Amino acid sequence: MAQLHDLSALEAAAAIRGRQVSPSELTAHYLDRIQRLDGQIGAFTTVTDAAAREQARQADAQVLAGGQLPPLHGVPTAIKDVNLTAGVRTMLGSRAFREHVPSVDDHVVTLLRQAGTISLGKTATPEFGLPCYTETDLGPPARTPWDTSRLAGGSSGGAAAAVAAGFVPIAQGSDGGGSIRIPASVTGLYGIKPSRGRISRGPLNADTTGLSVLGPLARTVRDAAAFLDATAVPQPGDPHWAPPLPAGESFLQWCDRAPGRLRIGRYLQPPIADAEIDRECRTAWEFASLLLKSLGHEVIDIAMPMPKEVIPAFETVWTVSAASTPLQPVHESVLRPLTRHLRERGSRISATEFSAALTLLNILSRQAVLATAEYDAVLTPTLAAPPRPIGWFCGTAEDPVDPAEDFERQKRFTPFTAIYNATGQPAASLPLHWSADGLPIGVMLVGRPAGEAALLALSAQLEAAAPWADRHPAIWKA
């Protein structure tokens with residue numbers, strides 16, 4: 001028998017409009033699953049049970065009153081714990097912010113509420129969203145529901161785990177170096193990093209580098225498109241603006257368009273020299289290539305568009321960003337070893353060195369975009385390896401890994417994703433392959449600058465050819 005959490009976000013919204021299910025019934029169903037099962041997964045840091053139920057009751061009344069409803073009316077979601085939520089604790093994954101309760105919402109939170117969604121709480125993220133895995137000092141690690149001895153990735157690990165475990169149909173994430181695509185790959189979801197400037201980071205965005213963007217983690221391409229339609233609303237004062245779709249068009253409509261015959265570049269060489277590509281990740285990449293060819297697309301081997309010099313430049317910018325997180329000196333001692341290591345590295349970099357690194361990133365990004373300009377999309381593995389075991393990056397309290405080695409392990413695990421934060425192009429991880437032992441393995445498709453619409457059309461075509469939304473981990477039936 002079908003369960004309520006089998007519904008996609010758009011299916012749930014349609015069922016609510018058709019009065020087949022109420023927002024309160026849907027919200028209660030998901031809250032029950034979180035209460036019963038999240039101890040196995042570690043997806044949530046804060047569950048806003050009372051507030052969610054009250055929002056659901058208000059949504060019930062709006063349905064009964066008739067009239068026009070917003071597109072995702074009554075659909076449960078969750079907000080990443082690095083994004084501000086007025087009146088709801090926002091800890092940034094850190095003990096230093098354990099009691100932090102913002103007075104304002106991020107614009108994305110406001111827009112999701114205006115679209116009709118009901119937030120069930122805050123999802124786990126590593127400290128300041130810095131690592132590509134979600135282990136913190138605030139609670140248990142976020143685990144992939146496909147194998148709870150393994151990590152859900154990061155930094156949107158809690159968001160991905162929540163969707164993959166059937167705790168919400170769609171969740172908000174952010175991505176500064178792969179933080180949507182990485183957890184999407186290891187939890188078997190579709191995750192898209194939008195173009196720089198597509199979704200506002202306001203009102204208090206502290207990221208001056210332009211690397212980090214906001215986006216969805218979803219079970220279907222159409223749900224992800226609906227998220228973009230709801231949140232891709234430029235706000236006054238935004239430092240970056242992505243060109244809007246033509247009047248009357250939506251990202252969701254593009255999911256129903258045939259993409260036509262495309263030229264797809266592909267490469268397997270990572271910009272990090274000592275990163276080894278696991279056999280399963282190669283298999284996923286080859287399968288995606290064959291699938292694209294079977295759909296009529298031309299798939300062409302190309303050179304890696306970024307030289308190795310991009311890595312030290314990105315690291316310089318990344319560590320300065322880590323050091324720039326405002327923190328009282330008394331709180332430095334409660335930070336995790338990796339965070340302290342990155343902040344110490346960043347604090348030693350001069351303004352001149354930081355400016356030079358940003359300049360080099362911009363130059364290399366322009367060159368990479370030009371090098372792939374003749375291709376409609378670029379295909380790579382999302383990651384170099386399957387989901388990693390808990391403790392693989394940072395070790396344990398009894399046997400910790402040196403934070404410098406922790407960072408190197410992260411680089412080898414995810415050598416492909418960060419360069420597209422530098423270029424600002426849209427990029428998505430698609431769950432097209434499962435390993436021999438049942439672990440999801442994603443592949444990454446990179447679109448043209450500001451080309452989310454075409455990337456969604458291609459993603460939807462691949463989803464139709466090799467459906468994944470009905471593949472679930474065992475916890476789905478619990």
Per-peptide average of other Cβ atoms within 10 Å, ordering 202-211, 239-248 highest first: 202-211, 239-248
Taking a straight Cα-to-Cα line shorter than 28 Å from LYS122, and setting aside same-chain lysines fewer than 8 residues away, one finds LYS80, LYS193, LYS411, LYS477
According to a simple spin-label model (label point 7 Å from Cα along Cα-to-Cβ), what is the distance in nm between HIS100 and GLU276? 3.8 nm
Counting only protein heavy atoms, what percent of the accessible surface of the chain is carbon or sulfur at a 1.4 Å probe? 54 percent
Hits among aspartates and glutamates - C-alpha to C-alpha of LYS293 under 19 Å, sequence gap 8 or more where chains match: ASP301, GLU374, ASP376, GLU463
Quick one: length gained pulling ILE300 to ALA466 fully straight, 0.36 nm per residue minus the C-alpha distance? 57.6 nm
Three-way shape call for the chain based on the alpha-carbon gyration tensor, with the a/c threshold at 1.5: rounded
If we sort 325-333, 379-387 on the protection proxy, mean other Cβ atoms within 10 Å, highest first, what's the order? 379-387, 325-333
Gap separating the Cα centres of segment 391-450 and segment 60-102, nearest whole Å: 27 Å
In whole angstrom, the spacing between the Cα centers of segment 182-200 and segment 152-168 equals 12 Å
If R₀ is 30 angstrom, what is the calculated FRET efficiency for the pair ASP399 and HIS331, using the beta carbon separation as r and rounding to 0.05? 0.70
Show me the ranking of peptides 279-290, 420-431 by mean Cβ neighbours inside 10 Å, starting with the highest. 420-431, 279-290
How many Å² of accessible area per residue for segment 1-47, probe 1.4 Å? 46 Å²
How high is the relative contact order of segment 184-330, in percent, counting Cα pairs under 8 Å that sit 6 or more residues apart? 21 percent
For GLN235 and ASN362, calculate 0.36 nm times their separation in residues minus their Cα-Cα distance, and state this gained length in nm to one decimal. 43.3 nm
Contact order normalised by length for segment 16-95, with contacts defined as Cα pairs under 8 Å and 6 or more residues apart; what percent is it? 37 percent
Separation between Cα centres of segment 8-30 and segment 220-266, rounded to whole Å: 25 Å
Quick P(r) readout (segment 140-265; Cα-Cα; 5 Å bins; whole %) gives 2, 12, 19, 20, 18, 15, 10, 4, 1, 0
Starting from segment 371-459, pick out the GluC sites (Glu not before Pro) whose DSSP state is loop and whose Cβ has at most 13 other Cβ atoms within 10 Å. GLU374, GLU398
Kindly provide the helix-only [θ] at 222 nm of the chain, computed as the sum of -39,500 (n - 2.57) over DSSP H runs of four or more divided by all residues, to the nearest 500 deg cm²/dmol? -11500 deg cm²/dmol
Taking 0.36 nm per intervening residue step and subtracting the Cα-Cα distance, what contour gain separates GLN253 from ALA478 on full extension? 77.6 nm
Averaging sequence separations of C-alpha pairs under 8 Å and six or more residues apart, then dividing by the length of segment 336-449, give the relative contact order as a whole percent. 32 percent
Taking only protein heavy atoms and a 1.4 Å probe, what accessible area per residue, in Å², does segment 91-196 have with all protein chains in place? 20 Å²
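The values are calculated or read from the model by the stated rules, or taken from the named source; none is laboratory data. What you see is a predicted model, and the numbers here were worked out from it, not measured in a lab. No Cβ is skipped: glycine too gets one built from the backbone with ideal geometry, and neighbour counts run over all protein chains shown. The protein model used for the area step is the full one, side chains on, heavy atoms only, and it has no ligands, DNA or RNA in it. Shrake-Rupley method; radii C 1.70, N 1.55, O 1.52, S 1.80 Å.
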